[in-house]
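Chemist: Dropping the structure in here first, questions after.
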Amino acid sequence: MAVRAVAGRFISCIHNNELLLCHRSIVGRTRRSSSTQAVEEPRPIASRTVITNPSHHTSDHIGSWYTLEPNTVKRLFGHGGIPKPYRTLCDAFFESSLMVRQPALSTIDYIKRSNLNLPPNKFMLYGNNGVGKTISLVHITHFLAEDGWVLVHVPVPSQWRRVFKEVVPSATNPDQYDHTRDSVMWLQHFRSQNTELLKSLQLETSEHYTWTQREATEVGQPLMTLADFGISRARFASDCVTAIIKELKQCASQDRCKVAVVIDGINSLFCPTSRYRLEDLTYLPPDRFTIFRAFLSLLQSDWKNGVIVGTIDKRDNEGERRKSYLPRYLLRQKGWEALDPFIPIPVVDYDEVEMRSAINYYLDRGWLQSPHSGSDVGRKELAALSNHNPLTFMEICKSI
Amino acid sequence: MSKIMLRQVYRGVQGFRLHTAASLASEINPAEEEFRTLELKTVRQEKRTMRDRKKTPILPPRYKRQKLDQNWGNVWPTARTFHPATVPFPVRQGYPATGQPTPDKWGNAELMKIPNFLHLTPPVIKQQCEVLKKFCTPWPVGLETPAKQDKHFPATVSTSSYLHSSPSLRDDRARIVTMKVSLKSLELDDHGRDKLLRLVKDHHDPKTDTLTLVADRCPLSTQNRDYCTYLLTVLYTEAMKTEPWEHEKNVADYERYVWEGSRSEAAARALFNARDDSPSEDVLTEYAKVVTELHNEGEDDSSVSRYRESVLKLVGLT
């Protein structure tokens, strides 16, 4: 690392071909030796891998950090997918990196070896709070995008149940309720992720959709026109979502594409309560939401060339049903019957290698300001304080 | 000489007080030796000795005279308060004071307060049993082992009787009768067992598989015992019956998860049949076993990992 100009408290330096502004106290903790010559203590460098394609990651890379390109992050996760605290850290570090860990590697390996002629395999990551399920899902989503899968990605389905923007009775189906603005946001997310791929695959609509007397989507139109129409007409956005999902299932069944469904917090789809109040002041059960029904139809086993990856998180359940992190308890009977048979993949806290790597990364990025962070005692203290839990570790390090 | 006596002497002798010394000195006549000397202060010649009390000899404690092969039953024939000198072994009892060892047996109120069973040592018990044997009938043939006993006498009836040394002998608690039956002995089929368990609920202990009936509603224990018998009869007959409405039992009412006929089976079979590399049926049976265990035994990390292994085999991803 080359240390360049000194400007007051800040020093500009080049690290990994990036120009960084680091606080003077972090860059090479200088200590004066007896001959009054400043000696720089070496700062630990994070264990990184230059391989940016997740399909080339192997178990040798476990514990290493790999960096996502800014364009990829914007394209895939511009409308959600990476949790906000993590995004804030990525902004602070001027890079979006994540650690390669076993659960994501196992899932990627299973996806590569899946038989696509069978009904879609379902891989569900489960684990306690803050172990890294969502970040593992980010890794898997990146792999799926690189591998040419059409992504149907739902970052936070529980938001549609709890903190929705607007719910109105459905125009087309009297039994259902639409999310107008939330569907538009999801369609924008879908468009952002899949524009290039759908263009190259040349997927087209297979049936005629009549929206109003004057507006209709013809047969044979590119699939993205449905998304564009939904984005422009919020009233029909939820129906557009349903239509896109139906078309994708059909295309996949006809071997024209492979579709990956990624849902972070899949147990939220099976919760019995929502916050939307009807006129008679009762709360609407979420299985009457149009978009819920649309995504639940993707979980059925009547299509192929697909894969379903999700996380089962207790924070996506209602407060009374959060006593355990195990899948059967969180999914309830309805969710279990919808997903069974699925492959539950456990995600656990950091082990020693990963803990060391995480501390090294924060030291490398200059996030840990305390001079004792990198010492043996400091590392042990950090590990003990956070109990090897990734989220707790991140939160502790905010103030160190 | 006491003060009273001195006062009397002074009163009796006139002028004595003033001329005591002079009269005494002048009247001494060595020739007359028969003159009685006035002794004001009588000195007792001999000290009155105390009566000799008989000193009882402190004998050594009794246990030192006991032989090693003595008959202990003769030393301690009945229940009695602990007596340290008779008990031949050292025993300590009680909370020690600071820096002191545990109090020994000598003058130990704790040891004396508690019941001891020194009257019931095994040789004494054996002896007593030998004597009692002539009043007993022989143990029935065919009931040697507990297994045989349970087989022929599966029900146990317990009552408690209470003795009072008070004007009345009665105790209300003596009417309570407890009957314990092992469900294995009832030989019910699945339906009967399920129905019986729903009827009795908490009275059944799953660990020991026994049904416990407690009756205290009647004033006499014989009546309560008859009531227990009646209850058991009724429960058994009701369990054996099948009511016409019982066919309405559906999946939500099942007491255990049954994989056969469930949606899990349908999904698994669909997946199994869709596979073109003809996997063995073991995959399905293992999957059924694992899912049933997950539901019936409870979910934990190990059962979820077994489920994962079986699903990986089912989808062909081992």
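The values are calculated or read from the model by the stated rules, or taken from the named source; none is laboratory data. These numbers were taken from a predicted model, which means no experiment stands behind them. Reconstructed Cβ throughout: ideal geometry from the backbone, glycine too, with neighbour counts over all protein chains shown.
Chemist: Can you tell me which residues in the stretch B:271-288 are touching a residue at least 12 places away in the same chain (Cβ under 8 Å), farther than 21 Å from residue A:303 by Cβ and in a helix (DSSP H, G or I)? Working first, answer last.
Modeler: Step one: list which residues in the stretch B:271-288 are touching a residue at least 12 places away in the same chain (Cβ under 8 Å), which gives B:271-272, B:275, B:277, B:279, B:283-284, B:286-288.
Cutting the leftovers down to farther than 21 Å from residue A:303 by Cβ gives us B:279, B:283-284, B:286-288.
Scanning the stretch B:271-288 gives B:283, B:284, B:286, B:287, B:288.
Chemist: Any residue in the stretch A:215-231 that's not assigned by TED's automatic domain parsing to the domain that holds residue A:290 and exposed (fewer than 15 other Cβ atoms within 10 Å of the Cβ): show its pairings with residues that are basic (Lys, Arg) and part of a loop (DSSP other than H, G, I, E, B) at Cβ separation under 8 Å, as long as the two are six or more apart or on different chains.
Modeler: From the stretch A:215-231, no pairs qualify.
Chemist: Restricting the search to the stretch B:274-296, which residues are at the interface with another protein chain (Cβ under 10 Å from one of its Cβ atoms) and either closer than 19 Å to residue A:332 by Cβ or among the acidic types (Asp, Glu) (or both)?
Modeler: B:276, B:277, B:291, B:294, B:295
Chemist: Of all residues in the stretch B:84-112 being among the aliphatic types (A, V, I, L, M) and closer than 15 Å to residue B:62 by Cβ, which is nearest to the chain's Cα centre (by Cα)? Let's see the steps before the verdict.
Modeler: Step one: filter the stretch B:84-112 for residues among the aliphatic types (A, V, I, L, M), giving B:85, B:87, B:91, B:97, B:109, B:111-112.
If we keep only those that are closer than 15 Å to residue B:62 by Cβ too, we end up with B:85, B:87.
Numbers: B:85: 28, B:87: 24 Å.
Out of the qualifying residues, it is B:87.
Chemist: Please return the ranges of strands (runs of 3 or more DSSP E) entirely within the stretch B:152-222 where 3 or more residues are polar (S, T, N, Q), under 29 Å from residue B:142 (Cα atoms) and within 30 Å of the chain's Cα centre (by Cα). Quick ask: steps written out before the conclusion?
Modeler: Details: elements: B:155-159, B:177-182, B:210-215.
Correct list: B:155-159.
Chemist: What is the residue count in the stretch A:326-358 for residues that are in contact (Cβ under 8 Å) with a residue 40 or more places away in the chain, away from every other protein chain (no Cβ under 14 Å) and not aromatic (Phe, Trp, Tyr)?
Modeler: Residues meeting the conditions: 5.
Chemist: To continue, here is another question. Here are the criteria: (1) more than 9 Å from chain A (Cβ to nearest Cβ); (2) in a loop (DSSP other than H, G, I, E, B); (3) within 46 Å of the chain's Cα centre (by Cα). Tell me which single one residue B:299 does not satisfy.
Modeler: Every condition holds for residue B:299 apart from (1).
Chemist: Would you confirm whether any residue within the stretch A:280-299 is within 14 Å of chain B (Cβ to nearest Cβ) and either of a type in the set (A, V, I, L, M, F, W, C) or in a loop (DSSP other than H, G, I, E, B) (or both)?
Modeler: From the stretch A:280-299, those within 14 Å of chain B (Cβ to nearest Cβ) are A:299; that's our starting set.
Keeping just the survivors that are either of a type in the set (A, V, I, L, M, F, W, C) or in a loop (DSSP other than H, G, I, E, B) (or both) gives A:299.
Within the stretch A:280-299, one or more residues are within 14 Å of chain B (Cβ to nearest Cβ) and either of a type in the set (A, V, I, L, M, F, W, C) or in a loop (DSSP other than H, G, I, E, B) (or both).
Chemist: Please pick out the residue among B:189, B:209, B:216 that is of a type outside the set (Phe, Trp, Tyr), closer than 24 Å to residue B:242 by Cα and out of contact with any Ser or Thr (no Cβ under 8 Å at 6 or more places or on another chain).
Modeler: Details: B:209 fails: out of contact with any Ser or Thr (no Cβ under 8 Å at 6 or more places or on another chain); B:216 fails: closer than 24 Å to residue B:242 by Cα.
Selected residue: B:189, the only one of B:189, B:209, B:216 that is of a type outside the set (Phe, Trp, Tyr), closer than 24 Å to residue B:242 by Cα and out of contact with any Ser or Thr (no Cβ under 8 Å at 6 or more places or on another chain).
Chemist: Here is a further query. Quick one: count up the residues across the stretch B:54-106 that are free of Cβ contacts under 8 Å to residues at least 40 places away in the same chain, in a loop (DSSP other than H, G, I, E, B) and surrounded by 14 or more Cβ atoms within 10 Å (Cβ to Cβ).
Modeler: So the first thing to find is which residues in the stretch B:54-106 are free of Cβ contacts under 8 Å to residues at least 40 places away in the same chain, and the list is B:54-71, B:74-75, B:80-106.
After this cut, where a residue has to be in a loop (DSSP other than H, G, I, E, B) as well, the list is B:54-61, B:66-71, B:80-106.
Narrowing further to those that are surrounded by 14 or more Cβ atoms within 10 Å (Cβ to Cβ): B:61, B:66, B:82-84, B:86-88, B:93, B:103-105.
Residues in the stretch B:54-106 being free of Cβ contacts under 8 Å to residues at least 40 places away in the same chain, in a loop (DSSP other than H, G, I, E, B) and surrounded by 14 or more Cβ atoms within 10 Å (Cβ to Cβ): 12 in total.
Chemist: With the structure loaded, tell me whether residue B:184 is over 30 Å from residue B:258 (Cα atoms), basic (Lys, Arg) and at pLDDT below 95 or whether it fails that test. Give the steps one after another, and end with the answer.
Modeler: Values: over 30 Å from residue B:258 (Cα atoms): no; basic (Lys, Arg): yes; at pLDDT below 95: yes.
When the stated conditions are applied, residue B:184 does not pass them.
Chemist: Just checking, which of A:340, A:364, A:316, A:376 is of a type outside the set (Val, Ile, Thr), outside the structural domain of residue A:111 (by TED's automatic domain parsing) and buried (at least 19 other Cβ atoms within 10 Å of the Cβ)?
Modeler: Numbers: A:340 fails: outside the structural domain of residue A:111 (by TED's automatic domain parsing); A:316 fails: outside the structural domain of residue A:111 (by TED's automatic domain parsing); A:376 fails: buried (at least 19 other Cβ atoms within 10 Å of the Cβ).
Only one candidate qualifies: A:364.
Chemist: Anything in the stretch B:118-143 that is surrounded by 10 or more Cβ atoms within 10 Å (Cβ to Cβ) and in a loop (DSSP other than H, G, I, E, B)? List them, or say none.
Modeler: B:118, B:119, B:120, B:121, B:140, B:142, B:143
Chemist: Condition first: of a type in the set (S, T, N, Q) and assigned to a helix (DSSP H, G or I). Now tell me which residues in the stretch A:118-155 satisfy that. Walk me through how you get there before you give the answer.
Modeler: Let us first name the residues in the stretch A:118-155 that are of a type in the set (S, T, N, Q), namely A:121, A:128-129, A:134, A:136, A:141.
A:134, A:136, A:141, listed by residue number.
Chemist: Just to be sure before I move on: is residue A:225 of a type in the set (Ser, Thr, Tyr) and closer than 14 Å to residue A:179 by Cβ in the structure I sent?
Modeler: Values: of a type in the set (Ser, Thr, Tyr): yes; closer than 14 Å to residue A:179 by Cβ: no.
No: the conditions fail for residue A:225.
Chemist: Taking residue A:165 as the residue in question, decide whether it is of a type in the set (Lys, Arg), more than 14 Å from chain B (Cβ to nearest Cβ) and more than 20 Å from the chain's Cα centre (by Cα).
Modeler: Details: of a type in the set (Lys, Arg): yes; more than 14 Å from chain B (Cβ to nearest Cβ): yes; more than 20 Å from the chain's Cα centre (by Cα): yes.
So residue A:165 fits the description; yes.
Chemist: Kindly provide the set of residues from the stretch A:84-117 that are crowded, with 23+ Cβ neighbours inside 10 Å, away from every other protein chain (no Cβ under 14 Å) and of a type outside the set (Gly, Ala, Ser), ordered by number.
Modeler: Within the stretch A:84-117, A:99, A:100, A:101 qualify.
Chemist: Can I ask one more? Of A:97, A:55, which residue is touching a residue at least 60 places away in the same chain (Cβ under 8 Å), on the phi < 0 side of the Ramachandran plot and outside the structural domain of residue A:129 (by TED's automatic domain parsing)?
Modeler: Details: A:97 fails: outside the structural domain of residue A:129 (by TED's automatic domain parsing).
On inspection, the qualifying residue turns out to be A:55.
Chemist: So which residues in the stretch B:217-273 are within 14 Å of chain A (Cβ to nearest Cβ) and exposed (fewer than 11 other Cβ atoms within 10 Å of the Cβ)? So that I can check it myself, show each step before the final result.
Modeler: Our first condition is that a residue be within 14 Å of chain A (Cβ to nearest Cβ); within the stretch B:217-273, this holds for B:250-254, B:257-259, B:261-273.
Within the stretch B:217-273, B:250, B:252, B:253, B:261, B:273 qualify.
Chemist: Among the numbered criteria (1) of a type in the set (D, E, K, R); (2) more than 11 Å from chain B (Cβ to nearest Cβ); (3) in a loop (DSSP other than H, G, I, E, B), which single criterion is violated by residue A:302?
Modeler: The number of the failed condition is (2).
Chemist: From B:311, B:304, grab the single residue that is within 7 Å of another protein chain (Cβ to nearest Cβ) and over 15 Å from residue B:265 (Cα atoms).
Modeler: Numbers: B:311 fails: over 15 Å from residue B:265 (Cα atoms).
So the residue among B:311, B:304 that is within 7 Å of another protein chain (Cβ to nearest Cβ) and over 15 Å from residue B:265 (Cα atoms) is B:304.
Chemist: Going by what's in this entry, would residue A:274 be described as of a type outside the set (Phe, Trp, Tyr), in a loop (DSSP other than H, G, I, E, B) and in contact with a strand residue (DSSP E or B) (Cβ under 9 Å, 6 or more places away or on another chain)?
Modeler: Here the answer is yes, as residue A:274 does meet what is asked.
Chemist: Of all residues being away from chain B (no Cβ under 14 Å) and surrounded by fewer than 24 Cβ atoms within 10 Å (Cβ to Cβ) in the stretch A:118-137, which is nearest to residue A:392 (Cα to Cα)? Just the residue, please.
Modeler: Here is the first cut: in the stretch A:118-137, the ones away from chain B (no Cβ under 14 Å) are A:129-130, A:132-137.
So of that shortlist, the ones also surrounded by fewer than 24 Cβ atoms within 10 Å (Cβ to Cβ) come out as A:129-130, A:134-135.
Details: A:129: 9, A:130: 7, A:134: 15, A:135: 14 Å.
The residue in question is A:130.
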